[in-house]
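K.L.:
What follows is a structure written as structure tokens; I'll ask about it next.
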Amino acid sequence: MLFEQLPPEEKLLDPLITGCNNFIDNSAPSLSYGDSVFEWICTLEEQLTLLPKRILYAACILSEISLKEHPSYRAQLAYQRILDAPFSAITHKERFILGKTLFCRYEKKPNANIKDTMRALLTEEEIQQSQIVGAALRVAKVLSLGNAKLLEKTRLTIVNERLILHLKKDMVSIYGESVEKRLCFLGTLLNCSSFEIKSE
């Protein structure tokens, strides 16, 4: 009955994506950040064939879900919030994929307890791809500091098993040890032999 009373344009919206946007409200650094991250990370879609695009989009929207928490607890809180969140139009399996992805946004690797839980519902390939997305979100954060316009000045490509980070010339100064470490880890997960920085 409630659904039938919604305006036609709202009936076409994805309940999960709408729920994610409402969940973060105004806590994200900028309202467009999730959209920019999604567009940025979709350059890796050939390596993310097992993750539904709407789940990937949801992860991008929620990527700053634990930003204001103490660093020691961010990953675990992000994971638990996803499991407890009142999202609809999402299966148990998709929720665990989303939870693991957000855990890996804040920590490189999940702890033993989370790994055991994941293996009960997910394949090793799905777990690996969730970790890739989490690692990519970490790179996006350190490059942009949560600013959509800064992120739009960068992009990732993979050429001949080489991970390449493209930066606009006015962004080159942002490259440092933190970016290098996160980029190297992402490249390892993607089975890239090396990584490279290119200014444009």
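K.L.:
For the range 108-200, which whole percent of the accessible surface, found with a 1.4 angstrom probe, sits on carbon and sulfur atoms?
P.N.:
49 percent
K.L.:
Taking R0 as 22 Å, what FRET efficiency do you get between residue 11 and residue 54 from their Cβ-Cβ distance, rounded to the nearest 0.05?
P.N.:
That pair, residue 11 with residue 54, gives E of 0.85.
K.L.:
I would also like to ask the following. What distance in nm separates the simple spin-label points at residue 200 and residue 32, each placed 7 Å from Cα in the Cβ direction?
P.N.:
1.7 nm
K.L.:
While we're looking at this one, here's another question. Cut-off under 28 Å on the C-alpha distance; same-chain residues fewer than 8 positions from residue 149 excluded. Which lysines are left, in chain and number order?
P.N.:
Cross-link targets: 53, 68, 100, 108, 141, 168, 169, 181, 198.
K.L.:
Rounded to the nearest 0.05, what FRET efficiency do residue 4 and residue 91 give with R0 = 30 Å and r taken as the Cβ-Cβ distance? Could you check?
P.N.:
0.75
K.L.:
What length, rounded to one decimal in nm, is gained on full extension from residue 83 through to residue 123, with 0.36 nm per residue of separation minus their alpha-carbon distance?
P.N.:
12.6 nm
K.L.:
Convert 20 °C to kelvin, take the viscosity as 1.002 mPa s, use the Kirkwood radius over C-alpha pairs of the range 1-87 as Rh, and evaluate the Stokes-Einstein diffusion coefficient in µm²/s, rounded to a whole number.
P.N.:
148 µm²/s
K.L.:
Would you work out which of 15, 38, 157 lies farthest towards the positive end of the dipole of the chain? Charges go on Cβ: Lys and Arg +1, Asp and Glu -1.
P.N.:
157
K.L.:
Hey, what's the range 1-117 come to in accessible area per residue, 1.4 Å probe, Å²?
P.N.:
56 Å²
K.L.:
7 Å from Cα along Cα→Cβ at both residue 70 and residue 177: what's the point-to-point distance in nm?
P.N.:
With each label placed 7 Å out from Cα toward Cβ, I get 2.5 nm.
K.L.:
Is there a quick way to get the dipole size of the chain? I mean about its Cα centre, with the Cβ of Lys and Arg at +1 and of Asp and Glu at -1; what is the value in debye to the nearest 20?
P.N.:
560 debye
K.L.:
Among the aspartates and glutamates, which fall within straight-line cross-link reach of residue 115, defined as a Cα-Cα distance under 16 Å, with same-chain neighbours fewer than 8 residues apart omitted?
P.N.:
94, 107, 124, 125, 126
K.L.:
So what are the chain's ellipsoid semi-axes, whole angstrom, largest first, if each one is the square root of 5 times an eigenvalue of the alpha-carbon gyration tensor?
P.N.:
Working from the Cα gyration tensor, I get semi-axes of 28, 20, 16 Å.
K.L.:
Now for a different question. In nm, what is the difference between 0.36 nm times the number of residues separating residue 46 and residue 188 and their Cα-Cα distance?
P.N.:
Length gained between residue 46 and residue 188: 49.5 nm.
K.L.:
With a 1.4 Å probe and every protein chain kept in, tell me what percent of the accessible surface of the range 27-97 is carbon plus sulfur.
P.N.:
55 percent
The values are calculated or read from the model by the stated rules, or taken from the named source; none is laboratory data. Predicted, not measured: the structure shown is a model, and the values here were computed from it. Cβ: placed from backbone, ideal geometry, glycine included. Neighbour counts: every protein chain shown. Accessible surface is based on the protein model in full, side chains and every heavy atom, while ligands, DNA and RNA are left aside. Shrake-Rupley method; radii C 1.70, N 1.55, O 1.52, S 1.80 Å.
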